[in-house]
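Participant: Sharing a structure below in structure tokens format, with a few things to ask.
A short reminder: the numbers here are calculations on the coordinates, not readings from a lab. The structure presented is a predicted model; accordingly, all values stated were derived computationally and were not measured. A quick note on method: Cβ atoms are made from the backbone with ideal geometry, for glycine too, and the neighbour counts reach across all protein chains shown.
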Amino acid sequence: MAYEAAVEAANAVVGALSALIAREEAKPAAERDEGAIRMWEDEQARCHRVREQLDPANTSEVARLRRHFAERAQVLRGPAGD
């Protein structure tokens with residue numbers, strides 16, 4: 001169950017990053033921050049790699065990543081929980 005929660009937390013980060021990317025890409029080209037988009041896309045790729053390599057038997061790493069991803073998703077969504 002902890003493993004699934006860690007995977008879901010990673011998915012929440014990917015989803016929050018997707019929302020940020022979509023919001024930025026919706027801006028007119030002159031106002032778009034391409035550097036931010038690349039940074040968010042890179043973070044998504046890292047999340048995917050970590051999620052794929054996560055070993056369900058490594059309970060301490062599962063717990064650590066679950067906390068990390070949950071905190072990161074909250075930060076990305078902002079105080080309103082967008």
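Participant: Per-residue ellipticity at 222 nm for the chain, helices alone: DSSP H runs ≥ 4 residues times -39500 (n - 2.57), over residue total, nearest 500 deg cm²/dmol? Walk me through the numbers on the way to the answer.
Facilitator: Values: 3 runs with 63 residues, N = 82.
Per the formula, -26500 deg cm²/dmol.
Participant: Something else now. Taking the mean number of other Cβ atoms within 10 Å as a proxy for protection, how do you rank 59-70, 31-42 from highest to lowest? Could you put the intermediate results ahead of the total?
Facilitator: Details: 59-70: 15.6, 31-42: 12.2.
Order by mean packing, descending: 59-70, 31-42.
Participant: With viscosity set to 1.002 mPa s and temperature to 20 °C, compute the Stokes-Einstein D of the chain, Rh being the Kirkwood radius across alpha carbon pairs; µm²/s, no decimals. Please list the in-between numbers first.
Facilitator: Details: Rh = 13.4 Å.
This corresponds to a translational diffusion coefficient of 160 µm²/s.
Participant: Any chance you could give the angle, 0 to 90 degrees and rounded to 10, that helix 59-77 forms with the longest Cα principal axis of the chain?
Facilitator: Long axis of 59-77 versus the principal axis of the chain: about 20 degrees.
Participant: Ok, one more. Quick one: helix 2-25 against the long Cα principal axis of the chain, what's the angle to the nearest 10°, folded into 0 to 90?
Facilitator: So the helix axis and the longest Cα principal axis differ by about 0 degrees.
Participant: Roughly how big is the chain's charge dipole about its Cα centre, with Cβ charges of +1 (Lys, Arg) and -1 (Asp, Glu), in debye to the nearest 20? Walk me through the numbers on the way to the answer.
Facilitator: Numbers: 12 positive and 15 negative charges, 38 e Å.
Once rounded to the nearest 20, the dipole reads 180 debye.
Participant: Report relative contact order for region 1-54 in percent, whole number only (criteria: Cα-Cα under 8 Å, sequence separation at least 6). Don't skip to the end; give the middle numbers.
Facilitator: Numbers: 21 pairs, mean separation 24.2, N = 54.
Relative contact order, region 1-54: 45 percent.
Participant: Could you please tell me the mean projected area of the C-alpha convex hull for region 13-58, averaged over all directions and given in square nanometres to one decimal? Provide the component values of the computation, followed by the final result.
Facilitator: Details: hull surface 13.1 nm².
About 3.3 nm², averaged over all directions.
Participant: Specify which residue in the list Thr59, Ala16, Met39 is farthest towards the positive end of the charge dipole of the chain, using unit charges on the beta carbon of Lys, Arg (+1) and Asp, Glu (-1), about the Cα centre.
Facilitator: Value computed over the given set: Thr59.
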